[in-house]
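Trainee: Before anything else, here's the structure in question.
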Amino acid sequence: MKQSILLEGAKFQITIKRLCQQLIENHGDFSNAVLIGIQPRGTYLAKRIQKEIAIMTGKDIALGVLDITFYRDDFRMKGSNPLIANSTEIDFIVDGKDVILIDDVLWTGRTIRSAMDAMQSFGRSEKMELLVLVDRRFSRQIPIQPDYIGIQVDSIDSQKVIVSWQEIDDKDSIVLITEKK
């Protein structure tokens, strides 16, 4: 197995700050914007984004976390592993808001499609945007593209992109893993 470090340390933090700057440029005072982290690992990025924007602007942006387990298209497929549901915590109204969906890795697009379906249960947003830390281009099965991208990775389906978070993995890094044959 071959591992290539794509991002770590200071560059990891700079990438998050750059994403925050882009959000600030597009949403100004965030009076109409909310952040939604997709469970499980998009929540770590969403919390970092919220904290960093608060430092940069002094604004406290509403943050929710969304579980998509029961909206996944593979939820009841034969042979799939049983999925464990996480919690959804959205304690604000999304009607008429600019919702920024946040996830760590965009690969096939199926997770984001599921998140968009799940968001309909909470109302009709004015606009929905997508922020991802890693965009695995050329792997889409559904025509979904991010509005904000930390890094783009050209990878094949047999490779894995692993994002580690200081909060649970004791380090911040993005690694590309290739199985040797």
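Trainee: If ASP60 satisfies every condition in (1) acidic (Asp, Glu); (2) closer than 21 Å to VAL105 by Cβ; (3) open to solvent by 60 Å² or more (accessible area, probe 1.4 Å) but one, which is the exception?
Mentor: Of the numbered conditions (1) acidic (Asp, Glu); (2) closer than 21 Å to VAL105 by Cβ; (3) open to solvent by 60 Å² or more (accessible area, probe 1.4 Å), the odd one out for ASP60 is (2).
Trainee: In the range 116-136, how many residues are under 12 Å from the mean Cα position of the chain (by Cα) and crowded, with 18+ Cβ neighbours inside 10 Å?
Mentor: Kept after step one, since they are under 12 Å from the mean Cα position of the chain (by Cα), are these residues of the range 116-136: 129-135.
Remaining after also requiring crowded, with 18+ Cβ neighbours inside 10 Å: 130-135.
Counting residues in the range 116-136 that are under 12 Å from the mean Cα position of the chain (by Cα) and crowded, with 18+ Cβ neighbours inside 10 Å gives 6.
Trainee: Determine if the range 93-106 includes at least one residue that is at pLDDT 95 or above, out of contact with any helix residue (DSSP H, G or I) (no Cβ under 9 Å at 6 or more places or on another chain), charged (D, E, K, R) and open to solvent by 50 Å² or more (accessible area, probe 1.4 Å).
Mentor: Looking for residues that are at pLDDT 95 or above, out of contact with any helix residue (DSSP H, G or I) (no Cβ under 9 Å at 6 or more places or on another chain), charged (D, E, K, R) and open to solvent by 50 Å² or more (accessible area, probe 1.4 Å), one finds at least one in the range 93-106, hence yes.
Trainee: Does the range 139-157 include one or more residues that are within 13 Å of the chain's Cα centre (by Cα) and among the small types (Gly, Ala, Ser)?
Mentor: Taking every residue of the range 139-157 in turn, at least one turns out to be within 13 Å of the chain's Cα centre (by Cα) and among the small types (Gly, Ala, Ser).
Trainee: Of the residues SER139, SER164, which single one is crowded, with 16+ Cβ neighbours inside 10 Å, without any contact (Cβ under 8 Å) to a residue 12 or more places away in the chain and not acidic (Asp, Glu)?
Mentor: Among SER139, SER164, only SER164 is crowded, with 16+ Cβ neighbours inside 10 Å, without any contact (Cβ under 8 Å) to a residue 12 or more places away in the chain and not acidic (Asp, Glu).
Trainee: Related question: I need a count of the residues in the range 148-161 that are touching a residue at least 40 places away in the same chain (Cβ under 8 Å) and either over 15 Å from LEU6 (Cβ atoms) or not aliphatic (A, V, I, L, M) (or both).
Mentor: Of the residues in that region, 2 qualify.
The values are calculated or read from the model by the stated rules, or taken from the named source; none is laboratory data. Every value quoted in this text rests on a predicted model; they were computed, and no experiment measured them. A quick note on method: Cβ atoms are made from the backbone with ideal geometry, for glycine too, and the neighbour counts reach across all protein chains shown. SASA here: full protein model, heavy atoms, side chains in, ligands and nucleic acids out. Shrake-Rupley method; radii C 1.70, N 1.55, O 1.52, S 1.80 Å.
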